[in-house]
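Novice: This is the structure I want to talk about, given as structure tokens.
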Amino acid sequence: MSTLELLSEHACFGGVQRFYRHASAAIGLPMQFGVYLPPQALAADGMPGAKVPVLFYLAGLTCNEETFAIKAGAQQHAARLGLAIVTPDTSPRGTDFPKQSDHWDFGVAAGFYLDATEAPWSAHWRMESYITQELHALVGQHLPVDTSRAGIFGHSMGGHGALTLALRHPGQYRTVSAFAPIANPVNCPWGEKAFSGYLGVSRHTWGEHDATELMSQHPMPPYPQGILIDQGLADKFLPNQLHPEAFEAACAALGQPLTLRRHAGYDHGYYFIQSFVGEHLAHHAAGLALA
């Protein structure tokens, strides 16, 4: 298990926002992540803090481990509810792959939260293993968080990641939600570009990383307490990239409880996320309290 290098620390709503770097065995390169620890997790009067439930937030295209911490305004809600929030980076960085930064929607900052099987990406683009195995264990060992009470959520590409990782790793995450997720990537330009580059030409393999298809394959509802999704109706990516209606139909066919809220006037950005992040954290807090 690698050690953590503390890069910065900031007092925030009675808790602390930190950023770390560590050597990643899964990725084969250094990785960085952020974590917000609420007041309940911090030592006081010489007594150790409590281990608190933890949420893993997966960011979208072009983002990094700082984006959510800086833009979402989530710490005030996490402090009140007693939740830690871990924010990993969105891809490996520091490789010498040709053209790795030529496209904003593929390569650097566009890892799509899967383990690539195509060269050269398969050497380091192993974000699924990194998040579900290495990072999960790392924060449980080194930080005052209870990884047996974990939830996952994300935005856009990260919403895709939250839904697919929750469905592909049943039992690891007890709660799940998403903002404007790429809900049916096998049928959108972002998904087709990423999956063909990372996974090759077999669309059968693509379906293993598509939330809509994964939900359709489940024998019973995997999240009986419900999944929460918020979608802005002024989101310019809604018509061609996101397809929440496909995921909604798959949930309905299986009997999976889903709250899909559509909001007039809201776009794809962090003003949208700020508006509803408190309700997402409350959704997770309620679900994790049932554990």
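Novice: Out of everything in the stretch 194-207 that is in contact with a helix residue (DSSP H, G or I) (Cβ under 8 Å, 6 or more places away or on another chain) and in contact (Cβ under 8 Å) with a residue 60 or more places away in the chain, what residue ends up being farthest from S122 (Cα to Cα)?
Specialist: T205
Novice: Here is a further query. For V201, only one of the following conditions fails: (1) open to solvent by less than 50 Å² (accessible area, probe 1.4 Å); (2) of a type in the set (V, I, T); (3) at pLDDT below 95. What is its number?
Specialist: The failed condition is (1).
Novice: Right, another one. Would a scan of the stretch 120-131 turn up a residue that is closer than 19 Å to T205 by Cα, β-branched (V, I, T) and in contact with a Leu (Cβ under 8 Å, 6 or more places away or on another chain)?
Specialist: No, because not a single residue in the stretch 120-131 is closer than 19 Å to T205 by Cα, β-branched (V, I, T) and in contact with a Leu (Cβ under 8 Å, 6 or more places away or on another chain).
Novice: Could I ask something else about it? Only one residue in G140, G151, G158 is touching a His at 6+ places or on another chain (Cβ under 6 Å), outside any loop (DSSP other than H, G, I, E, B), modelled with pLDDT of 95 or more and not basic (K, R), so which one is that?
Specialist: The conditions single out G151.
Novice: Separate question: A123: under 20 Å from A23 (Cα atoms), open to solvent by 40 Å² or more (accessible area, probe 1.4 Å) and of a type in the set (A, V, I, L, M, F, W, C), yes or no?
Specialist: So A123 fits the description; yes.
Novice: I'd like to verify a number: residues in the stretch 75-94 that are part of a loop (DSSP other than H, G, I, E, B) and open to solvent by less than 20 Å² (accessible area, probe 1.4 Å), how many?
Specialist: Number of matching residues: 6.
Novice: Find the strands (runs of 3 or more DSSP E) located wholly in the stretch 1-71 whose residues include 1 or more that are among the β-branched types (V, I, T), and list them.
Specialist: In the stretch 1-71, 15-23, 30-37, 52-58 are the strands (runs of 3 or more DSSP E) which contain 1 or more residues that are among the β-branched types (V, I, T).
Novice: I need every pair where a residue in the stretch 110-133 that is within 18 Å of K193 (Cα to Cα) has its Cβ under 8 Å from the Cβ of a residue that is modelled with pLDDT under 95 and not β-branched (V, I, T), sequence separation at least 6 or different chains.
Specialist: A110/H103; A110/W104; P120/F97; W121/F97
Novice: Here's a follow-up. Got a number for residues in the stretch 161-170 being open to solvent by 10 Å² or more (accessible area, probe 1.4 Å) and at pLDDT 95 or above?
Specialist: 3
Novice: For the stretch 173-193, indicate whether the set of residues that are open to solvent by 10 Å² or more (accessible area, probe 1.4 Å), free of Cβ contacts under 8 Å to residues at least 40 places away in the same chain and in contact with a helix residue (DSSP H, G or I) (Cβ under 8 Å, 6 or more places away or on another chain) is non-empty.
Specialist: Taking every residue of the stretch 173-193 in turn, at least one turns out to be open to solvent by 10 Å² or more (accessible area, probe 1.4 Å), free of Cβ contacts under 8 Å to residues at least 40 places away in the same chain and in contact with a helix residue (DSSP H, G or I) (Cβ under 8 Å, 6 or more places away or on another chain).
Novice: Can you name the number of the only condition in (1) modelled with pLDDT of 95 or more; (2) open to solvent by less than 80 Å² (accessible area, probe 1.4 Å); (3) in contact with a strand residue (DSSP E or B) (Cβ under 7 Å, 6 or more places away or on another chain) that E9 fails?
Specialist: Against the list (1) modelled with pLDDT of 95 or more; (2) open to solvent by less than 80 Å² (accessible area, probe 1.4 Å); (3) in contact with a strand residue (DSSP E or B) (Cβ under 7 Å, 6 or more places away or on another chain), E9 comes up short only on (2).
Novice: Within the stretch 247-284, can you find the residues that are in contact (Cβ under 8 Å) with a residue 60 or more places away in the chain, hydrophobic (A, V, I, L, M, F, W, C) and either under 26 Å from D210 (Cα atoms) or in a loop (DSSP other than H, G, I, E, B) (or both)?
Specialist: Correct list: F247, F272, I273, F276, V277, L281.
The values are calculated or read from the model by the stated rules, or taken from the named source; none is laboratory data. Nothing here was measured: the structure is a model prediction, and the numbers come from that model. All Cβ positions, even for glycine, are placed from backbone atoms using ideal geometry, and neighbour counts span all protein chains on display. For the accessible areas, the whole protein counts, side chains as well, though only heavy atoms, and no ligand, DNA or RNA atoms are used. Shrake-Rupley method; radii C 1.70, N 1.55, O 1.52, S 1.80 Å.
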